[in-house]
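To start, the structure under review is shown below, and the notes come after it.
The values are calculated or read from the model by the stated rules, or taken from the named source; none is laboratory data. Keep in mind that this is a model prediction, so the values were computed, not measured. A quick note on method: Cβ atoms are made from the backbone with ideal geometry, for glycine too, and the neighbour counts reach across all protein chains shown. Only protein heavy atoms, including side chains, enter the accessible area calculation; ligands, DNA and RNA are left aside. Shrake-Rupley method; radii C 1.70, N 1.55, O 1.52, S 1.80 Å.
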Amino acid sequence: MVPEFWHQRWAENRIGFHLDDVNSYLKKHWQALAPKRDERVFVPLSGKSLDLVWLAQKHNEVAGVELSEIAVRAFFAEQLYTPTVYTQPSGHEVYEFDEITLYCGDYFTLNAQPFSLVYDRAALIAMPPEMRKAYVEKLRSMLLPGARIMLVTLDYPQHEGSGPPFAVPESEVRELFAGMEITCLERNEEDAKQPRNMKYSHFAEEVWLIKNPE
């Protein structure tokens, strides 16, 4: 998976992964993280998600990182926000408006202060298998002691389809986040009844709560 893939998806508006509303799992399970208003929230591969707005209503600082400038600019334009923009030494363009900061650039070279809370709905499942270990290692490097992650994954037979989004089974979640406390908050198999998913012999969405050691 190369950056050009995602740049092309956004340029062609092929963004089926974007939701036109706040994610239902976020609203249902965020409180399971025992979040506090002054804890900084990180949303990797944030796109132009409305989840950022929802989180900013509950937290003083919400930061996302997104490769596509199209996505970042669209987020602020669609919310009618006028951000302050500057460039980091790392090369990331930083867009700031009130509680929300978006870093435009490569996730893997992001330089940001550590976070207490992470919301990952579409980042890990966007990574092919060979990139997931590096993704999680980078994420761990940005966590404060005691940080909590809300992670949404998909479980389906990968050989029956192609990604992204990719399947990340429970065994891989537990391997990637070894040494952390891992709890499954929900396994939802209702989406298996959707026409787009009926091609799979099984299909489920899973929601995880992952805690960094103190």
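The stretch between S162 and Q194 holds 9.8 nm of extra length on full extension. This uses 0.36 nm per residue minus the Cα-Cα distance. Each helix, a run of at least 4 DSSP H residues, gives -39500 (n - 2.57); summed and divided by the residues of the chain, these come to -6500 deg cm²/dmol at 222 nm.
Considered as an equivalent ellipsoid built on the Cα gyration tensor, the range 36-111 has semi-axes of 18, 14, 11 Å, the largest given first.
A simple spin-label model places pseudo-atoms 7 Å from Cα toward Cβ; at D98 and T84 they are separated by 1.6 nm. Taken per residue, the accessible surface of the chain reaches 49 Å², heavy atoms only and a 1.4 Å probe.
Each Lys and Arg adds +1 at its Cβ and each Asp and Glu adds -1 at its Cβ; summed about the Cα centre, the range 116-214 shows a dipole of about 260 debye.
Classify the range 121-165 as rounded, prolate or oblate, taking a ≥ b ≥ c as the square roots of the eigenvalues of its Cα gyration tensor: rounded when a/c is under 1.5, otherwise prolate if a/b is larger than b/c and oblate if not. Prolate, since a/c reaches 1.5 and a/b exceeds b/c.
As a ratio to 2.2 N^0.38 Å, the alpha-carbon radius of gyration for the chain is 0.98.
Considering only DSSP beta bridges whose two residues both sit in the chain, what percent are antiparallel, to the nearest 5? Given both bridge residues lie in the chain, the antiparallel proportion sits at roughly 60 percent. Entry note, the chain: relative contact order of 17 percent, from Cα contacts under 8 Å with a spacing of 6+ residues. Across the range 65-187, Cα-Cα distances exceeding 25 Å account for 33% of all pairs. The convex hull drawn around the Cα atoms of the range 90-160, when projected onto a plane and averaged over every direction, covers 6.0 nm². Just checking the listed ones, E96, E160, E66: in the Gaussian network model of the chain with Cα springs under 10 Å, the one fluctuating most is E160. Computed 3J(HN,Hα) for the range 22-38, one whole-Hz value per residue from the Karplus formula 6.51 cos²θ - 1.76 cosθ + 1.60 where θ = phi - 60°, is 5, 4, 5, 5, 4, 5, 6, 10, 4, 5, 5, 7, 6, x, 10, 4, 8, glycine and proline marked x. Rounded to the nearest Hz, the phi-derived 3J(HN,Hα) couplings of the range 81-92 under the Karplus curve 6.51 cos²θ - 1.76 cosθ + 1.60 (θ = phi - 60°) are 9, 10, x, 7, 10, 8, 10, 6, x, 5, x, 6, where x marks glycine and proline. Annotation: average projected area of the range 121-205 is 5.7 square nanometres, based on the convex hull of Cα atoms across all directions.
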